[in-house]
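Working notes, structure below.
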Ligand SMILES: [Zn+2]
């Protein structure tokens, strides 16, 4: 009985998470990775979601998910958004190595959604979409080429490309906004 109950709870959580991900404008592939639901099931959920919320502002994104780290170097704001997300992920204990590939369970994905929603409350209308954030999370968990590092100028966390010599300080220091000793 307990097993049945827990399986039921887990299925319910999986469906609730899929709806949450649709609301965050995640793509089908990401929702499949996150919930293990079939593409067909996810498509039907999209139809239900948009059918029940005709006036909503959520958009459905199609095609490939963003996978380019150059996106996070487009401007200082992009860099700062990426660093904010990284800091939140680190503080919430979500930066960890996944053995056998990136397969977070539904509880961990829900925590990631909490982090992304916290991020959007700090940065209303961010450049970094949910899909960008999802990609960035995987990159940080790999901890190889792009890492969260402490800036030698101000000690804040920033996203460092370990294969590049420059830039060597965070975007705030590059802008000259950080004054030591203040
Ligand atoms: Zn700095």
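Over the chain, Cα pairs under 8 Å with separation of 6+ residues give a relative contact order of 21 percent.
As a proxy for reagent exposure, ranking 35, 57, 30, 120 by other Cβ atoms within 10 Å from fewest up yields 57, 120, 30, 35.
Of all the options 18, 52, 83, the one that moves most in a Gaussian network model of the chain with Cα springs shorter than 10 angstrom is 52. Counting every other Cβ atom within 10 Å of each residue's Cβ, 106, 165, 31 order from fewest to most as 165, 106, 31. With coordinates expressed along the principal axes, the C-alpha atoms belonging to the chain extend over 60, 39, 30 Å, beginning with the largest. Entry for the stretch 2-52 at q = 0.19, 0.24, 0.29 Å⁻¹: log10 I(q)/I(0) = -0.59, -0.85, -1.10, Debye formula applied to identical alpha-carbon scatterers, no solvent contribution. For the stretch 74-174, the C-alpha radius of gyration divided by 2.2 N^0.38 Å, with N the number of residues, is 1.05.
The value of relative contact order for the stretch 74-174, using C-alpha pairs under 8 Å at least six residues apart, is 32 percent.
Bear in mind that the values in this text are calculations on the coordinates, not laboratory data. Please read all numbers here as calculations on a predicted model, not as lab measurements. FYI the Cβ positions are ideal-geometry reconstructions off the backbone, even for glycines, and counts take in every protein chain you see.
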